[in-house]
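The values are calculated or read from the model by the stated rules, or taken from the named source; none is laboratory data. What you see is a predicted model; the values in this text were computed from it and never measured. Note: ideal-geometry Cβ built from the backbone for every residue, glycine included; neighbour counts use all protein chains shown. Just so you know, the surface numbers come from the protein's heavy atoms only, side chains and all, with ligands and any DNA or RNA stripped out. Shrake-Rupley method; radii C 1.70, N 1.55, O 1.52, S 1.80 Å.
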Amino acid sequence: MKLRTLHVVGLLLLWLFVGFPQLASARQSEVQVSFSKASYFVKEGDVAEIGLRLTAATTEPVTVQYVVLGSSAIPDIDFLPVDGQIVIDAGLRKATLPFSTLHDDKHDGDKRILLTLSNAENATLANRRQAILTIKDVDEPDASLVDDFSGYHAFQFQGAVTEAIEIASVPSNATPQQALMLTVDPQQADVVAVRRFITPQNWQAATGLSFWFYGSGSGQPVTFQLLDSPALKTAETDPTEWQLSWADEFDSPAGTPPNPNHWSYEYGDGTLNGVQGWGNQEFQYYTAEPENVAMDGNGNLAITVQKLSEDTDYPCYYGPCQYSSARIISANKAEFEYGRIEARIKVPDGQGGLWPAFWMLGTGFDEGVAWPHSGEIDIMEYISRRPNEVFGTIHGPGYSGGGGYGRIQRLSEPVAADYHTYAIEWQPNEIRWYLDGEHFHTATPDDVAPHRWVYNQPFFLLLNVAIGGHFGGRINPQIEFPQSMLVDYIRVYQAPDSAERHEVTFVDSQAGWQQIQLPFSAFTRSSQQPPQALSDGLTLSEVTGYRLVLPHSAARFGSAAPLTIGLDEVRLQTDAVTLQLPPARQQPVLLPWLLSLLVLFLLGLAVVNRPKLQAR
């Protein structure tokens, strides 16, 4: 009996010292860490409290890393970067991550941030590894604000200039903000910076313009021109008369990201946009990484699908993501109403499952108008399970998804065998599709009746490569990765610039920031005008944009120093405006002294010669 008792006690002690710790460890390894909620909201300028929780308390501290994987907000302008790790102490089940947002004093809409957890220790990651933080904009819309250069600019340049969006201490704002900074090459011809609006604006209720100008004290003249009352409009001009108005040639060195003044990134598996799987049960996770979207160094933008490893940190709605890719959009940066939209593209040559596209969405979509009411124009869609076909389609209210109005163009060889040119010619109440110059599809309001035609409005561009999903279809297990869509160029053709020019010139007379005020009454008609320009004065009823003419220093002043200027907060003024320009540049003290000496010398000659004149 004693031996049996001792045997039981021995087994119990063995379990206490060996079995129980292993069981506790096993249970602890089953503990999961996640965000407490899927969505959080905070007013801009406040601190959000992001909650984390464990499914059970642990005997060891739990650490987990967190990172911002995607955002429509700008770091250091809208929020303070927060990548790092958080610790949940032993015995506790909750922790809080403070997330500081910044108030930018501008109405720029709500911003969304995708937070993701990774690399947990002493716990495993739960399915809720992602959370969305929405920063609520608290500022009222400012109808007077024309441009403020937050994150990008919409200028096009003629001449050699280096442009950058930089954080600057503009006196109009108590906190640093972004401004446009330009550096002009002194050895090149005059630089012209052109800002064109998507549609003409009526400024008749305003009395003038103001803006913040950063000068370098170069003494050079700067001319500000208004573009008013165009004689030709794209909607009313025959397509044969359209000219190149915008382009992205993708000619930068290999690894260069897309031009941030043209393109923004979409992120994730659609969760950040409120449509998991991008509404089509797609399998890709969109990133801004160079391996997914960058110049290839051969004159192309490459959008590339990569196969991810099983231990990826990218979470998808179906589990760990299997593929990464990219989707870029031109919303708010390059938007168009009518014209020829054209791209030269080589689609990837992989087996079934790939779904590259070049398409457009109505600008209302970015402003909260639900799809498909915003309108969608698919200039080119290709699915690799049907290798000889190209799709051109429109989607709108009552005719979307599989019911969109479109047509298939079949080729005699696989589409992926070579580059092809895809284009639409877009006019009021009509869109025409072209493949390598051949017209293959037309859409008009009659084709979608009795449903609404939603295409007489501005649209923005999108480029992406999806994989799988309802349209992409089954992913062939034999497909080889990476798979890339190569975009040689995108070009937009519209009516020639025929706006009448009116201008004011001032001098870059001092260094630093200063506010310039230009009453419209101070503008005069420019001496140089487009051939078709009207001559009906500054009406302000249809302002199509403005221009800055920046002379280079070498030609005018013999200086090799580059000219640096800055621009921010271009505003309309509705009260009485007086011409407020930089103070005149001070003349050197030596020059007035020499002039005085010359006058005294001449007076002296007159006095000496007076008797001789009287003697005659």
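Summary table
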item	result
Qualifying residue in the range 325-343 (condition: open to solvent by 10 Å² or more (accessible area, probe 1.4 Å), of a type in the set (Ser, Thr, Tyr) and closer than 18 Å to residue 117 by Cβ)	no
Residue ID - nearest to residue 313 (Cα to Cα), chosen from residues in the range 60-83 that are among the β-branched types (Val, Ile, Thr) and surrounded by 16 or more Cβ atoms within 10 Å (Cβ to Cβ)	67
Candidate set: the range 169-195, residues that are farther than 17 Å from residue 211 by Cα, within 23 Å of the chain's Cα centre (by Cα) and modelled with pLDDT of 80 or more; chosen: the one least open to solvent (accessible area, probe 1.4 Å)	192
Residues of the range 136-160 classified as closer than 16 Å to residue 105 by Cβ and either part of a loop (DSSP other than H, G, I, E, B) or within 18 Å of the chain's Cα centre (by Cα) (or both), total	13
In the range 240-297, residue nearest to residue 489 (Cα to Cα) [restricted to those that are of a type in the set (Phe, Trp, Tyr) and in contact with a helix residue (DSSP H, G or I) (Cβ under 9 Å, 6 or more places away or on another chain)]	242
Tally, over the range 68-84, of residues that are touching a residue at least 60 places away in the same chain (Cβ under 8 Å) and among the β-branched types (Val, Ile, Thr)	2
Count of residues meeting criterion [open to solvent by 30 Å² or more (accessible area, probe 1.4 Å), out of contact with any Lys or Arg (no Cβ under 8 Å at 6 or more places or on another chain) and part of a strand (DSSP E or B)] in the range 85-105	5
Residues (under 25 Å from residue 212 (Cα atoms), open to solvent by 40 Å² or more (accessible area, probe 1.4 Å) and outside any strand (DSSP E or B)) located in the range 508-538	510, 521, 538
Given (1) buried (at least 21 other Cβ atoms within 10 Å of the Cβ); (2) within 16 Å of the chain's Cα centre (by Cα); (3) more than 30 Å from residue 501 (Cβ to Cβ), number of the condition residue 256 does not satisfy	(1)
Which listed residue is under 16 Å from residue 347 (Cβ atoms) and open to solvent by less than 10 Å² (accessible area, probe 1.4 Å), from 448, 465, 492	465
Any strands (runs of 3 or more DSSP E) falling wholly within the range 197-264 and containing at least 2 residues that are in contact with a strand residue (DSSP E or B) (Cβ under 8 Å, 6 or more places away or on another chain), under 25 Å from residue 428 (Cβ atoms) and not hydrophobic (A, V, I, L, M, F, W, C)	243-248
Segments classed as strands (runs of 3 or more DSSP E), wholly inside the range 361-444, with at least 3 members that are open to solvent by 20 Å² or more (accessible area, probe 1.4 Å)	405-410, 420-427, 430-435, 438-443
Top-ranked residue in the range 421-457 [being more than 18 Å from residue 357 (Cα to Cα) and among the aliphatic types (A, V, I, L, M); ranked as farthest from the chain's Cα centre (by Cα)]	449
Test result for residue 274, surrounded by fewer than 22 Cβ atoms within 10 Å (Cβ to Cβ), farther than 20 Å from residue 357 by Cα and of a type in the set (Gly, Ala, Ser)	yes
Positions within the range 33-59 being open to solvent by 40 Å² or more (accessible area, probe 1.4 Å), under 11 Å from residue 94 (Cα atoms) and not in a loop (DSSP other than H, G, I, E, B), in sequence order	53
Unique match (being of a type outside the set (Phe, Trp, Tyr), surrounded by fewer than 17 Cβ atoms within 10 Å (Cβ to Cβ), on the phi < 0 side of the Ramachandran plot and touching a residue at least 12 places away in the same chain (Cβ under 8 Å)) among 480, 503	480
